[in-house]
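Peer 1: Submitted below is the structure of interest, expressed as structure tokens.
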Amino acid sequence: MAIEKATTYPKISKRIWVLLRARFAKAMPTAVGPDYVTSTSDMTDASARSNVLSPLRDLGILDKDNKPTDLAERWRHDDEYAAVCKEIRAATYPQALIEAYPEGDASQKEGIKKWFMKNSKVGETAGKMFADTYMLLSQGDLSTPEGDAKAAPAARSTKASTPSAKKASAKASAAVQPAPTAPAQEHGPATAQHGFRKLPSVHIDVQVHISPDTTPEQIDRIFASMSKHLGSYIG
């Protein structure tokens with residue numbers, strides 16, 4: 001008895017889909033090779049070929065020579081994006097699936113995944129990936145997914161500033177420590193004879209080392225801290 005061949009479907013992550021579309025929006029490439037993909041996302045050439053170029057050809061964004069199609073030209077424009085996604089969905093998936101899950105929203109994800117597992121004869125992981133791509137096209141959503149590169153620079157900037165702030169704070173804490181002083185000498189009868197008590201002198205040396213990458217706000221906090229701590233010694 002012949003085993004019926006399972007039908008496979010394209011699968012592509014929403015993150016790389018959004019990143020590539022953003023690059024297409026800036027400038028339409030003449031062709032899309034592995035190097036174009038790896039310059040956008042951290043992956044190997046082999047992964048770029050199988051996980052990006054192949055599904056983009058299956059979805060009609062690239063032709064057999066990896067050149068952008070007329071559909072890709074429309075896909076990169078926000079005002080046509082949703083319509084293009086629905087057009088790709090209609091050309092890629094059976095009508096029975098589209099009628100069963102027309103919206104492709106989060107509430108239908110489990111049912112869509114099971115449909116792919118049953119009809120494509122795949123496991124749960126592959127079924128989820130097929131479902132994610134189907135939902136991506138069904139929703140035609142222009143929002144940026146979490147972890148997109150657009151948010152990365154701000155995150156990197158925040159992480160980069162944290163060590164500097166800690167470093168500056170540590171230096172300020174060390175700087176405001178008073179220099180050790182000689183113990184006060186006891187003055188007995190000779191002191192009382194003159195009618196006053198001789199007070200020990202206090203000498204404080206403060207050195208402040210500020211890193212070149214310290215921000216003005218951090219410098220203000222350093223000197224505010226110095227003023228607070230030194231006030232108890234010189235006030």
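The values are calculated or read from the model by the stated rules, or taken from the named source; none is laboratory data. Just so you know, these numbers come straight off a predicted model, no measurement behind them. A quick note on method: Cβ atoms are made from the backbone with ideal geometry, for glycine too, and the neighbour counts reach across all protein chains shown.
Peer 1: List, please: which pairs have Cβ atoms under 7 Å, are six or more places apart or on different chains, and start with a residue in segment 77-105 that is farther than 16 Å from S120 by Cβ and not assigned by TED's automatic domain parsing to the domain that holds L20 and end with one that is at pLDDT below 95 and not in a helix (DSSP H, G or I)?
Peer 2: Between residues of segment 77-105 that are farther than 16 Å from S120 by Cβ and not assigned by TED's automatic domain parsing to the domain that holds L20 and residues that are at pLDDT below 95 and not in a helix (DSSP H, G or I), there is no close pair.
Peer 1: Restricting to segment 34-48, give me the number of residues that are within 19 Å of R76 (Cα to Cα) and exposed (fewer than 14 other Cβ atoms within 10 Å of the Cβ). Give the derivation first.
Peer 2: First, the residues of segment 34-48 that are within 19 Å of R76 (Cα to Cα): 36-37, 39-41.
Subsequent filtering for residues that are exposed (fewer than 14 other Cβ atoms within 10 Å of the Cβ) retains 39.
Selection size over segment 34-48: 1.
Peer 1: Something else about it: Given (1) part of a helix (DSSP H, G or I); (2) surrounded by 14 or more Cβ atoms within 10 Å (Cβ to Cβ), where does A96 come up short, assuming only one miss?
Peer 2: (2)
Peer 1: Suppose we filter P34, P55 for residues that are more than 18 Å from G140 (Cβ to Cβ) and in the same structural domain as F116 (by TED's automatic domain parsing); which single one remains?
Peer 2: None of the other options fit; the residue is P34.
Peer 1: Shifting gears a bit: Any idea which of R89, R57 is modelled with pLDDT of 95 or more, touching a helix residue (DSSP H, G or I) at 6+ places or on another chain (Cβ under 9 Å) and in a helix (DSSP H, G or I)?
Peer 2: Numbers: R57 fails: touching a helix residue (DSSP H, G or I) at 6+ places or on another chain (Cβ under 9 Å).
Testing whether each residue is modelled with pLDDT of 95 or more, touching a helix residue (DSSP H, G or I) at 6+ places or on another chain (Cβ under 9 Å) and in a helix (DSSP H, G or I) leaves just R89.
Peer 1: Could you tell me whether M28 is at pLDDT below 95 and either out of contact with any Gly (no Cβ under 9 Å at 6 or more places or on another chain) or of a type outside the set (V, I, T) (or both)? Before you say what the answer is, go through the steps one by one.
Peer 2: Details: at pLDDT below 95: no; either out of contact with any Gly (no Cβ under 9 Å at 6 or more places or on another chain) or of a type outside the set (V, I, T) (or both): yes.
Against the criterion (at pLDDT below 95 and either out of contact with any Gly (no Cβ under 9 Å at 6 or more places or on another chain) or of a type outside the set (V, I, T) (or both)), M28 does not qualify.
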